Amino acid sequence: MYARTVTRQAHPSESDGEIARRVEMRVRRQVLLTKKSDPVPADIILDESALHRVIGNRRIMDAQLRYLADAGTRPNIRIRVLPFAAGLPLGDLTGPFTILSFGKSGDGRPAEPPVVYAEGYTGAMYFDDADLVRRYHRAHAALGQVALNEQDSRKLLRDKAREFAK
């Protein structure tokens, strides 16, 4: 429900079929994180504001926050919350970004160079410039320094989910 609601809000003029296709693509990508053999690792830092912003309704938010808390117990998924108390650790807001790494080739070198995927209101950008990728790696590390640890993040996710369940 959360994915469908977010997708519908982002693409209000799309047909129901196109929304279903976009949601299905999202679900297929998530399978990479949950497959039994060699799941993809993920190190996620969520801004605390995402826990408070109601997407859909309270029931959807309750389910989504519980899902995230549970996902963070998987050995390949690390979920931490950047609390409001951390202020702006980078001096500005970065917006959502994902650093995509593609594993190693047989000789131990990266199979492909890393890429940063940054979502925005008008679309997505991909950055493959090594200097920009390093800046995003440093940004992720700096955010990680002030984010809650995994256990405290799970507790916050579950506490907020309970608030939505009331």
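Before moving on, here are some points about what is shown:
- Estimated inter-spin distance, ASP159 and ARG138, nm [label 7 Å along Cα→Cβ]: 3.4
- A full extension of the chain between LEU33 and TYR67 corresponds to an added length of 10.9 nm, given 0.36 nm per residue minus the alpha carbon distance.
- Percent of C-alpha pairs per 5 Å bin, the stretch 22-102, short to long: 3, 11, 18, 24, 22, 14, 7, 1
- Entry note, the chain: relative contact order of 26 percent, from Cα contacts under 8 Å with a spacing of 6+ residues.
- Convex hull per residue volume in Å³, alpha carbons only, for the chain: 141
- Heavy-atom accessible area ranking, 1.4 Å probe, most first, across THR122, THR7, THR73, THR98: THR122, THR73, THR98, THR7
- In the chain, the DSSP-assigned H stretches of four residues or longer account for a calculated mean residue ellipticity at 222 nm of -15000 deg cm²/dmol, using -39500 (n - 2.57) per stretch and the full residue count as denominator.
- Surface composition of the chain: carbon and sulfur make up 54 percent of the accessible area, probe 1.4 Å.
- Solvent exposure of the stretch 37-124 as accessible area per residue, Å², 1.4 Å probe: 63
- Annotation note: chymotrypsin sites (Phe, Trp or Tyr not before Pro) in the stretch 1-105 located in DSSP loop regions with a Cβ neighbour count of at most 14 within 10 Å are PHE102.
- Probe 1.4 Å, accessible area per residue of the stretch 125-166, Å²: 68
- As a size descriptor, the averaged projected area of the C-alpha convex hull of the stretch 1-63 was calculated at 5.3 nm².
The values are calculated or read from the model by the stated rules, or taken from the named source; none is laboratory data. Values in this document were obtained by computation on a predicted structure and should not be read as measured data. Note that each Cβ is placed from the backbone with ideal geometry, even for glycine, and that neighbours are counted across all protein chains shown. Surface accessibility is based on the protein's heavy atoms, side chains included, excluding ligands, DNA and RNA. Shrake-Rupley method; radii C 1.70, N 1.55, O 1.52, S 1.80 Å.
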